Amino acid sequence: MSAQELEAAFAELLERNHARWAGIARAYAAPPERDDLVQEIMLQVWRALPNFAGRSQIDTWAYRVALNTALAWDRSAKTRTKWLGRKAGDVSQLAAGASSHYGEAKLLDEFLGSLSKVDRALMLVYLDGIPNPEAAEILGLSEGALRVRLHRLRKKFQERYCEVESEA
């Protein structure tokens with residue numbers, strides 16, 4: 001692939017996937033670090049693009065690169081915390097308390113923050129509306145396992161956040 005073809009392919013990927021990458025960053029980084037994570041995702045997709053083999057859809061491949069970048073970012077948070085002197089969650093909680101206007105977003109952030117890394121990734125692909133076969137490929141799960149985990153996550157969310165009227 002020529003340099004011009006790479007640039008064109010990357011520009012198309014960026015246009016189609018920037019919102020998804022920002023959503024991934026929202027789930028894996030504290031508010032002050034989200035833009036940095038999006039930049040890191042873009043950099044990693046750019047670096048990996050020449051190695052794209054075409055065995056899957058390019059957007060599926062790019063989502064997986066973005067998710068792996070976010071997971072690596074999350075693992076390196078301990079090092080950043082050491083240098084910054086506070087946990088990323090502390091900053092997140094301060095920002096979350098700033099306004100009640102963002103109640104739904106805070107609720108989603110809280111729920112995502114309570115999940116394991118795999119379940120958080122599963123919720124992200126679900127919230128992005130990615131079809132189950134593609135989501136299973138991104139996450140390296142069978143479709144059956146994906147559906148079961150998704151069902152359990154929906155139930156967990158309902159139990160935690162949804163009021164159920166008692167039958168009397």
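Go through segment 26-55 and give me each residue that's surrounded by 18 or more Cβ atoms within 10 Å (Cβ to Cβ), touching a residue at least 40 places away in the same chain (Cβ under 8 Å) and part of a helix (DSSP H, G or I).
Scanning segment 26-55 gives R26, A27, Y28, E33, L49.
Every residue, every condition in (1) closer than 25 Å to R75 by Cα; (2) within 15 Å of the chain's Cα centre (by Cα), yes or no:
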| residue | (1), (2) |
| --- | --- |
| L124 | yes, yes |
| G129 | no, yes |
| P133 | no, no |
| L153 | yes, no |
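Which residue pairs have Cβ atoms closer than 7 Å, lie 6 or more positions apart in sequence or on different chains, and pair a first residue in segment 121-134 that is touching a residue at least 12 places away in the same chain (Cβ under 8 Å) with a second residue that is of a type in the set (D, E, K, R) and surrounded by 15 or more Cβ atoms within 10 Å (Cβ to Cβ)?
Once the first residue is touching a residue at least 12 places away in the same chain (Cβ under 8 Å) and sits in segment 121-134, its partners that are of a type in the set (D, E, K, R) and surrounded by 15 or more Cβ atoms within 10 Å (Cβ to Cβ) give L122/R149; D128/R20.
Restricting to segment 103-145, what's the tally of residues that are part of a loop (DSSP other than H, G, I, E, B) and among the charged types (D, E, K, R)?
Residues in segment 103-145 being part of a loop (DSSP other than H, G, I, E, B) and among the charged types (D, E, K, R): 1 in total.
Spot the failing condition for V148; the list is (1) loosely packed, with under 15 Cβ neighbours inside 10 Å; (2) part of a loop (DSSP other than H, G, I, E, B), and only one is missed.
V148 satisfies all of (1) loosely packed, with under 15 Cβ neighbours inside 10 Å; (2) part of a loop (DSSP other than H, G, I, E, B) except (2).
None of the figures in this text is laboratory data; all of them are computed from the coordinates on show. It should be emphasised that the depicted structure is a prediction, and the values quoted were computed from it without experimental measurement. Quick reminder, even Gly has a Cβ in these numbers, built from the backbone with ideal geometry, and neighbours come from all protein chains shown.
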